[in-house]
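Engineer: Starting off with a structure, shown below.
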Amino acid sequence: MNLINTRVRFAEPGCISRACTVLLAFAGLSLANPGWASLTSAGADSPNTQWTRSEIANLLRTFGQAPPITVPGVLVERVRGDIERFVDSGDLRPWFERALRRMDKHKTMLDTAFRKYALPRELQYLGLIESSFNSHAKSPSGAVGMWQFMPGTARQYALKVSRRGDQRLDPYLSTQAAARHLADLIKTFGRGESTLLALAAYNAGEARVRKAMSRSPHAATRFNELAAQGLLPRETVEFVPRILAAAIVGENRGRFGFPGGNAPLIYLVRKNNTWQQISTWSGVPVTLLRSDNPRHRRMLLANTPLRVRDVGKSLEHRRYRIKSGDTLSKIAWLHRVETSWLRGWNNLKDSRVYAGRYLDLFVPSHIVGERGRDEYLVYQVVPGNTLGSIANAFAVSVDDLRKVNGLQNSAINAGQSLIVPVVSVEKLTITIPSGSSLASIGHKYGVSPRALQTFNGLTSTLIRSGDPMAIYVTR
């Protein structure tokens, strides 16, 4: 059930269908008049468009997308339009505020379930779009509850649906089931930008999204491509951007005048910081930073406190102790931030780091301290490995391995530890059974013979029974 579609049918004539053409007033935001000024003449490079694009990129980064991140213009426009409706529509704004209050009421339950399945908390806004967190919501198609489960899917995730009782109406049980279902879809379609496909599958069904991908003339694997080709239902095409819009507004409540903001962060300016740099990682426009900090005037004063206004994202100061083998790129990737941010926060002239020292991080508090261990693998290079062979064995790109590990080129050494961005992969060590071959072992564990050679530094396909063998398999 897409609740917004239901709301539109009962809205005032024209209230939702016409564009509520408004542009975010970056300077001097008033909580009594939050908002967006006219978009009628706003071009692709308007501050509103740039900010929306940046927020979508931040969401994709939180979902696990590796940089560089490109956000299609059509997605920006769709999300921007939905933000307008949530913020400025006389009918939808009160509804959205009520939905946020319900969401806050269930915060502990939601956070616990989503952490259990290593899901970003921003995906909780799926429930806001599905039902506005109304546990008794019912759709004409038979979807029921806070997470709008159909009977078949509910039973698949151990929810009992019968005349005697319907566990889809139970907020706790249905939230556990929804988090598990969403985690399964993400495992199927992938993290990062592919999370949008998982959200589409939640709405339209996994089979329908797979069918759309198979019918795509160009073998499209991205939500935006499938939507542009008309292969997804209209409701699904509208459903996914609305979740992103709800997450952006919900995580930036102070900016739009919704209750639930947090106290400002006091940041000590580093020598080489710039206004734009601080604006980028904090999400606060430069004009607001300047107006809130008149003592800095045009130039930032090093070693002087800077007030970073709450825009719905509580920024948290953390310290990270550098480990042996760390690079700035590794640390940035593990904490879902940019290397340039780390350099700015710590006044670093280059990317060199030293084991035992500490780095300061200023990150939104809802982002976990480090990526979960199901999101990456630490692989120890064995003799004979190349970056290309490791990339092929784990089905990742050489460029991704170089970016995550901060490698300037493809040179690696035996014994070196590499972070491999793969989901739910673990290492097994077996004793080679008598009569086995690389092909038979690979068939049993779902791994190619070439990958087994890479994992074990083998230069040929000959193996001996009784020898140990390392295998990396999906959990």
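Engineer: Suppose a student asked you for the relative contact order of region 377-474, using Cα pairs under 8 Å spaced at least 6 residues apart; what percent would you report?
Structural biologist: This gives 34 percent for region 377-474.
Engineer: Restricting attention to region 154-236, which trypsin sites (Lys or Arg not before Pro) occupy a DSSP loop and are surrounded by at most 13 other Cβ atoms within 10 Å? Intermediate results must be reported in sequence, preceding the final value.
Structural biologist: Numbers: sites: ARG155, LYS160, ARG163, ARG164, ARG168, ARG180, LYS187, ARG191, ARG208, ARG210, LYS211, ARG215, ARG222, ARG234; in loops: LYS160, ARG163, ARG164, ARG191, ARG222.
Loop-located and lightly packed - LYS160, ARG163, ARG164.
Engineer: Separation between the MET299 and LYS349 pseudo-spin-labels, each 7 Å from Cα along Cα→Cβ, expressed in nm?
Structural biologist: 2.0 nm
Engineer: Here's another thing I want to ask about it. So what's the gap between the Cα centers of region 209-248 and region 55-103, to the nearest angstrom?
Structural biologist: Taking the Cα centre of region 55-103 as reference, the centre of region 209-248 is 16 Å away.
Engineer: Here is a follow-up. Modelled label-to-label distance, ASN134 and THR221, 7 Å Cα→beta-carbon offset: nm?
Structural biologist: 4.0 nm
Engineer: Distance between Cα centroids, region 136-167 to region 407-475: provide it in whole Å.
Structural biologist: That distance is 43 Å.
Engineer: Where does each of THR327, THR236, THR274 land when they are ranked from fewest to most other beta-carbon atoms within 10 angstrom?
Structural biologist: THR274, THR327, THR236
Engineer: Above 19 Å lies some portion of the pair distances; for region 377-474, what is it as a whole percent of all C-alpha pairs?
Structural biologist: Above the 19 Å cut-off, region 377-474 has 38 percent of its Cα pairs.
Engineer: Also, quick follow-up: So which of LYS107/LYS271; LYS105/LYS138; LYS105/LYS330 end up more than 27 Å apart, counting from Cα to Cα?
Structural biologist: Pairs exceeding 27 Å: LYS107/LYS271; LYS105/LYS330.
Engineer: Further, regarding this structure: With a bin width of 10 angstrom, please list the P(r) values of region 395-437 as percents of all Cα-Cα pairs, from the 0 bin to the one holding the largest distance.
Structural biologist: 21, 39, 25, 14, 1
Every number here is computed from the coordinates shown, using simple stated rules; none is lab data. All of these numbers come straight from a predicted model, not from anything done at the bench. Positions of Cβ are generated from backbone atoms using ideal geometry, with glycine treated the same way; all protein chains shown enter the neighbour counts.
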